[in-house]
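Everything on this sheet refers to the single structure shown next.
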Amino acid sequence: ISTSGHSLINDEAKKALMEHVFPHAHVLTPNKFEAEALLGRTLNTPQEVEQGAKDILKMGVKAVLIKGGHSLLETSSTTTTTTPISSDVNATIGYAQDYFLSSIPTNEEPRLCDASAGVWIRTARYDSVHTHGTGCTLSSAIASALALGHQQRSLLESGSSGTGATLAIQEVDACCLAKAYVTAGIGQGRQLGQGPGP
């Protein structure tokens, strides 16, 4: 579902993605509305987002990042609810909060996230319409960061020496790096041509 609220695939394609792509995906990055469409229910509180991530993991993906570019108050990409809000939802206003949850086992010491406990990745929310392409950019940045970490670990396995931060990049790290990158871009967004800018 695009930022403008349009569904980009039909139900048959969605089913095919779930059956044939999800089991091979390292990190699925649905926005709030895409997660709701996958789950068949709304996500209006932080607790509902956390449960939604657990339910998406059960669909076969290894990790999920439910993107919080839309506030929990938004009922569609263009509409905000007017019903009274709880204090936990009110605390999310002004922030872009993504929720990351992983079922990927690590051979290292315990990590911040596992299939029973996730992590909220929080940044300031910029009041900008210049967010065109941010979801695609985020996914690409996650993939790039994961590739750096994989490359460094592969070099070590082949006998080369290697050290440094890229060696330790795992899924949660890649999501944090990508979130920082995209947030910085949104903060510098500019109007280019017609419609929302990048």
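The values are calculated or read from the model by the stated rules, or taken from the named source; none is laboratory data. Here the structure is a predicted model, which means the values were calculated and not measured. Don't worry about glycine lacking a Cβ; one is built from the backbone with ideal geometry, like all the others, and counts go over all protein chains shown. With ligands, DNA and RNA removed, areas are computed over all heavy atoms of the protein, side chains included. Shrake-Rupley method; radii C 1.70, N 1.55, O 1.52, S 1.80 Å.
Can you find a residue in region 116-132 that is under 20 Å from the mean Cα position of the chain (by Cα) and at pLDDT below 70? Taking every residue of region 116-132 in turn, at least one turns out to be under 20 Å from the mean Cα position of the chain (by Cα) and at pLDDT below 70. Against the conditions (1) at pLDDT 85 or above; (2) open to solvent by less than 40 Å² (accessible area, probe 1.4 Å), Ser139 satisfies every one except (2). Residues that are over 14 Å from the mean Cα position of the chain (by Cα), surrounded by 14 or more Cβ atoms within 10 Å (Cβ to Cβ) and at pLDDT 75 or above occur at least once in region 170-179.
Please work out if Tyr99 is at pLDDT 80 or above and open to solvent by 80 Å² or more (accessible area, probe 1.4 Å). No, not satisfied.
The set of residues in region 4-25 being modelled with pLDDT under 90 and either of a type outside the set (A, V, I, L, M) or surrounded by 15 or more Cβ atoms within 10 Å (Cβ to Cβ) (or both) consists of Ser4, Gly5, His6, Ser7, Asn10, Asp11, Lys14.
Scanning region 40-53 for residues that are of a type in the set (A, V, I, L, M) and touching an Asp or Glu at 6+ places or on another chain (Cβ under 6 Å) yields one hit, Leu43. For first residues located in region 107-132 and open to solvent by less than 70 Å² (accessible area, probe 1.4 Å) and of a type outside the set (Asp, Glu), partners that are assigned to a loop (DSSP other than H, G, I, E, B) and at pLDDT 80 or above and lie 6+ apart or on another chain with Cβ distances below 6 Å form the pairs Ala115/Ser103. Right, Ile104: over 16 Å from Thr29 (Cα atoms) and modelled with pLDDT under 90 or not? No; evaluated as a whole, the condition is false for this residue. Hey, any hits in region 51-74 for a residue that's open to solvent by 50 Å² or more (accessible area, probe 1.4 Å), assigned to a helix (DSSP H, G or I), more than 17 Å from Ala184 (Cβ to Cβ) and modelled with pLDDT of 70 or more? Within region 51-74, one or more residues are open to solvent by 50 Å² or more (accessible area, probe 1.4 Å), assigned to a helix (DSSP H, G or I), more than 17 Å from Ala184 (Cβ to Cβ) and modelled with pLDDT of 70 or more.
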